[in-house]
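Shown next, in structure tokens, is the structure this report addresses.
The values are calculated or read from the model by the stated rules, or taken from the named source; none is laboratory data. Small disclaimer: the values here were computed from a predicted structure and weren't measured. Here the Cβ positions follow ideal geometry from the backbone for every residue, glycine too, while neighbour counts run over all protein chains shown.
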């Protein structure tokens, strides 16, 4: 494909995950690295016209920033931009932090809930709407996915399609009805290895809520394969662009 993707990133300049995240999106979409163009959200979001110069917009995680705390610079502008994208129906796939931004922009509730942190590889289930969805419906009714979050969606906005759940949080994925816009609280751009590396990179943030024993147990047993979600990003591109 000759597509160009705009990858929005909420990561500090010295964070090596910035480069790893771009590589992960390229690998999981099946696109060349040069087809993934990054945008630093710490300087504010792009304009809608700038975003529409690209075939699709994608959003990943955030590292040190939380929607619940409104800690990303230009926070209101970020919400406004997400609202514009959704209102115009420009193709978009957002995971984790991107999921939280879209939920918040539409009026849903994002809370900081370390007690229900999901970090590692978890089993998720499709809802009835998820089973019927053009994209998420490609997954089996139960599937494993990579997770890494302390914020969570406590309530989803009205009018969206609720697609997936987990034991710790019932709100894991949604679609804007009739629009080529999907968003997941899990990370389809990650695999077992990159998610474990992500956990180690941000271990100080998790350490405040996990004992050293829990951290070791997480590294030893909480990360595993998630082959089912490998198909989501290429399927998104095929579904939208043919």
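Here are 177, 188, 170, 227: which of them is touching a strand residue (DSSP E or B) at 6+ places or on another chain (Cβ under 7 Å) and surrounded by fewer than 20 Cβ atoms within 10 Å (Cβ to Cβ)?
Residue meeting the stated conditions: 177.
For the stretch 42-64, how many residues meet the condition of being in contact (Cβ under 8 Å) with a residue 40 or more places away in the chain and buried (at least 21 other Cβ atoms within 10 Å of the Cβ)?
Qualifying residue count, the stretch 42-64: 7.
Say whether the condition of being free of Cβ contacts under 8 Å to residues at least 12 places away in the same chain and under 23 Å from residue 197 (Cα atoms) is met by at least one residue in the stretch 29-41.
Taking the stretch 29-41 as the starting set, the residues that turn out to be free of Cβ contacts under 8 Å to residues at least 12 places away in the same chain are 32-34.
Narrowing the set further to residues that are under 23 Å from residue 197 (Cα atoms) leaves 32-33.
Yes: the stretch 29-41 contains one or more residues that are free of Cβ contacts under 8 Å to residues at least 12 places away in the same chain and under 23 Å from residue 197 (Cα atoms).
I need the full set of residues from the stretch 71-93 which are surrounded by fewer than 23 Cβ atoms within 10 Å (Cβ to Cβ), in contact (Cβ under 8 Å) with a residue 60 or more places away in the chain and assigned to a helix (DSSP H, G or I), in order please.
Residue satisfying the conditions is 86 alone.
Exactly one of these conditions fails for residue 18: (1) in contact with a strand residue (DSSP E or B) (Cβ under 8 Å, 6 or more places away or on another chain); (2) more than 23 Å from residue 152 (Cα to Cα). Give me its number.
(2)
If you go through the stretch 135-150 one residue at a time, do you hit one that is at pLDDT 95 or above, buried (at least 20 other Cβ atoms within 10 Å of the Cβ), out of contact with any helix residue (DSSP H, G or I) (no Cβ under 7 Å at 6 or more places or on another chain) and under 25 Å from residue 55 (Cβ atoms)?
Among the residues of the stretch 135-150, not one is at pLDDT 95 or above, buried (at least 20 other Cβ atoms within 10 Å of the Cβ), out of contact with any helix residue (DSSP H, G or I) (no Cβ under 7 Å at 6 or more places or on another chain) and under 25 Å from residue 55 (Cβ atoms), which makes the answer no.
What's the number of the only condition in (1) crowded, with 18+ Cβ neighbours inside 10 Å; (2) free of Cβ contacts under 8 Å to residues at least 40 places away in the same chain; (3) farther than 25 Å from residue 242 by Cβ that residue 126 fails to meet?
(3)
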